[in-house]
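> Take a look at this one; I'll ask things after.
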């Protein structure tokens with residue numbers, strides 16, 4: 001059990017620091033992945049950015065995802081082919097539904113990061129981070145989008161996930177680093193002593209603090 005997301009990030013950073021990860025960039029899934037990712041970025045002396053994923057719901061059933069739109073420049077659309085075929089949707093239908101979600105995706109990016117453009121991962125080690133995963137659906141969509149952007153390597157990094165989910169993520173990422181892989185997974189909050197809901201202000205605050213730390217002059221040695 002982790003004390004909080006910060007401790008989870010530190011333990012995860014310990015695991016990652018043992019690996020050869022040239023030119024890393026840390027990408028956190030908000031909101032819960034941000035404090036975890038911040039600890040990893042500190043340990044690896046790497047930049048931190050966000051990767052925002054927005055579900056694209058099926059017609060008349062918005063809770064069922066036919067696709068996911070992942071922010072970037074430009075955003076990526078990751079399709080769920082089985083659901084699309086079940087609903088007999090054509091590409092134009094999917095594109096129209098995704099277009100409805102893009103303004104919210106852009107609003108969230110601007111709310112968290114202002115006018116700063118997403119970091120490029122081309123030729124770099126892209127480390128995708130969350131505070132845990134149950135099914136891993138959001139992380140899978142983000143990993144598929146990341147692989148299209150020309151990284152040297154894609155790493156999925158999680159404090160905790162079910163063994164089966166970790167195995168499924170290994171099919172999407174070049175490497176999976178997961179501190180705990182319980183065989184009988186409970187709700188994610190069970191694995192944390194402190195697991196509060198985070199606010200948008202806490203996300204932006206963490207990003208600002210980390211950016212200030214990176215910009216601060218370093219003393220000799």
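Read-outs throughout are calculated quantities, based only on the coordinates presented, and are distinct from any laboratory measurement. All values derive from a computational prediction rather than experimental measurement. Note that each Cβ is placed from the backbone with ideal geometry, even for glycine, and that neighbours are counted across all protein chains shown.
> Got a sec? How would 36, 25 order by Cβ neighbour count within 10 Å, fewest to most?
Details: 36 30, 25 20.
With the fewest neighbours first, 36, 25 line up as 25, 36.
> A further question on this structure: Any idea what angle helix 33-44 forms with the longest principal axis of the chain, computed on alpha-carbon atoms, 0 to 90 degrees, nearest 10?
Rounded to the nearest ten degrees, it is 40.
> Please give the calculated 222 nm ellipticity per residue for the chain, where each DSSP H segment of at least 4 residues contributes -39500 (n - 2.57) and the sum is spread over every residue; nearest 500 deg cm²/dmol? Mind dumping the intermediate values first?
Values: 7 runs with 88 residues, N = 221.
Helix contribution divided over all residues of the chain: -12500 deg cm²/dmol.
> Mind checking the angle between helix 137-147 and the chain's longest principal axis? C-alpha axes, 0 to 90 degrees, to the nearest 10.
80
> Roughly how many whole Å is it from the C-alpha centroid of segment 128-148 to that of segment 61-116?
Here the answer is 15 Å between Cα centres.
> Still on this structure: Obtain the nm distance between the two label points defined at residue 186 and residue 63 by a simple spin-label model: each point lies 7 Å from its Cα along the Cα-to-C-beta direction.
Placing both labels 7 Å beyond Cα along the Cβ direction yields 2.4 nm.
> Fewest first, what order do 199, 206 take by the number of other Cβ atoms within 10 Å?
199, 206
> How much of the DSSP beta bridge set in the chain is antiparallel, as a percent to the nearest 5?
Values: 10 of 29 bridges.
In the chain, approximately 35 percent of DSSP beta bridges are antiparallel ones.
> Angle between the Cα long axis of helix 91-113 and the longest principal axis of the chain, 0 to 90 degrees, nearest 10?
Once rounded, the angle reads 30 degrees.
> Order these peptides, 122-131, 15-24, by their mean beta-carbon neighbour count within 10 angstrom, highest first. If you can, show how the numbers build up before the last one.
Numbers: 122-131: 23.7, 15-24: 13.7.
Answer by packing, highest mean first, reads 122-131, 15-24.
> Would you please state which residues of segment 55-74 a label at residue 115 would reach in this model, taking the label point 7 Å out along Cα→Cβ and a backbone N cut-off of under 14 Å?
Label zone hits: none.
> Oh, and also: Fewest first, what order do 195, 2 take by the number of other Cβ atoms within 10 Å? Mind dumping the intermediate values first?
Details: 195 18, 2 23.
If I rank by nearby Cβ atoms, fewest first, I get 195, 2.
> Using label points projected 7 Å from each Cα along Cα→Cβ, tell me how many nm separate residue 193 and residue 85, to one decimal.
Each label point lies 7 Å from its Cα, and together they span 5.0 nm.
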